[in-house]
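The values are calculated or read from the model by the stated rules, or taken from the named source; none is laboratory data. Values in this document were obtained by computation on a predicted structure and should not be read as measured data. Methodologically, a virtual Cβ is constructed for each residue, glycine included, from the backbone with ideal geometry; neighbour enumeration extends over all protein chains shown.
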Amino acid sequence: MIEMKQLCKTYITGKVTFDALKRIDLTVTSGEFIAVVGPSGSGKSTLMNLIGCLDTPTTGEYTLNGTPVSSMTSNQLADIRNRKIGFVFQAFNLLPYATAYENIEVPLLFARVSSRKRRERVSELLARVGLADKAGNRPTEMSGGEMQRTAIARALANEPDIILADEPTGNLDSKSGGEIINIFKQLWNAGKTIIVITHDVNIAKQAQRIIRLKDGFIEGNGNML
Ligand SMILES: Nc1ncnc2c1ncn2[C@@H]1O[C@H](COP(=O)(O)OP(=O)(O)OP(=O)(O)O)[C@@H](O)[C@H]1O
Ligand SMILES: [Mg+2]
């Protein structure tokens, strides 16, 4: 499903260049649950941005579902980000003035889903993450765990095959974090591919495979921490 060959990412800031990812070879098959770990600055978010087609590699090849990403048009990439991949971030990234319902509806609007189907789908998603009674709450009227569950429901709106999460429990207490991880496990059991960046050893231990980054390299790739 995901195949990266000798992928490099170099950031250029003024006259300074920085190799954030160096010759990354990575294959992820459909239905895997992967944790990405490593120190701050090791390239985890950079890798996630590349996997999610939010950014492009400097060199190397990335093939997603058999198609080289470099050959895709910007419309095709936008469609992949909307329909094939669900993103979950540490800071939730919800629209501040919109309710839980409206936040979850956004990707459906972009996908031009009919209003009747949107209503059905948002209600189903709210129930699935245990927020049926919070549909009308804005982010300021929700707990951190509820905001993150709203963000997960939004990520699931168009039934993506891949869920990419960057420190999804970083801003949560351990109980709320545990609930988030349980939702990811349910999604994995339902056949989704899950890739979670985490500093939390307890989360990493629950994944099938742990990819350890260090200074832009893959230092470890296996089932041991
Ligand atoms: N847009 C950018 N321009 C220049 N340098 C960048 C940019 N984004 C990231 N970097 C640098 O690339 C390196 C990797 O950053 P990245 O965000 O991938 O790290 P990370 O492993 O996610 O760290 P953290 O655990 O702190 O989130 C860092 O040294 C960072 O300073
Ligand atoms: Mg990061």
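Structural remarks
- Here the strands (runs of 3 or more DSSP E) wholly within the stretch 1-50 that include at least 1 residues being within 15 Å of ligand 2 (Cβ to nearest atom), among the small types (Gly, Ala, Ser) and out of contact with any Lys or Arg (no Cβ under 6 Å at 6 or more places or on another chain) are 33-37.
- Annotation for the stretch 9-24: no member residue is polar (S, T, N, Q) and within 18 Å of the chain's Cα centre (by Cα).
- Any hit, the stretch 86-109, residues being at pLDDT 95 or above, at positive phi and within 16 Å of ligand 2 (Cβ to nearest atom): no
- Restricting the stretch 63-72 to residues that are free of Cβ contacts under 8 Å to residues at least 60 places away in the same chain and surrounded by 15 or more Cβ atoms within 10 Å (Cβ to Cβ), the residue that is farthest from ligand 2 (Cβ to nearest atom): Met72
- Wholly enclosed helices (runs of 4 or more DSSP H) of the stretch 135-224 bearing at least 2 residues of a type in the set (Phe, Trp, Tyr) and surrounded by 15 or more Cβ atoms within 10 Å (Cβ to Cβ): 174-189
- Every condition in (1) without any contact (Cβ under 8 Å) to a residue 40 or more places away in the chain; (2) part of a strand (DSSP E or B) holds for Asn75 except the one numbered (2).
- Of all residues in the stretch 25-48 being closer than 17 Å to Thr10 by Cα and crowded, with 18+ Cβ neighbours inside 10 Å, the one that is farthest from the chain's Cα centre (by Cα): Ser42
- The numbered conditions (1) touching a Leu at 6+ places or on another chain (Cβ under 6 Å); (2) in contact (Cβ under 8 Å) with a residue 40 or more places away in the chain; (3) more than 16 Å from ligand 2 (Cβ to nearest atom); (4) of a type outside the set (Phe, Trp, Tyr) are all true for Cys53 except (2).
- Qualifying residue in the stretch 171-185 (condition: within 16 Å of ligand 1 (Cβ to nearest atom) and polar (S, T, N, Q)): yes
- The single condition among (1) surrounded by fewer than 19 Cβ atoms within 10 Å (Cβ to Cβ); (2) within 14 Å of ligand 1 (Cβ to nearest atom); (3) modelled with pLDDT of 95 or more that Thr56 does not satisfy is (3).
- Search result, residues across the stretch 21-50 that are at positive phi and within 8 Å of ligand 1 (Cβ to nearest atom): Gly38, Gly41, Gly43
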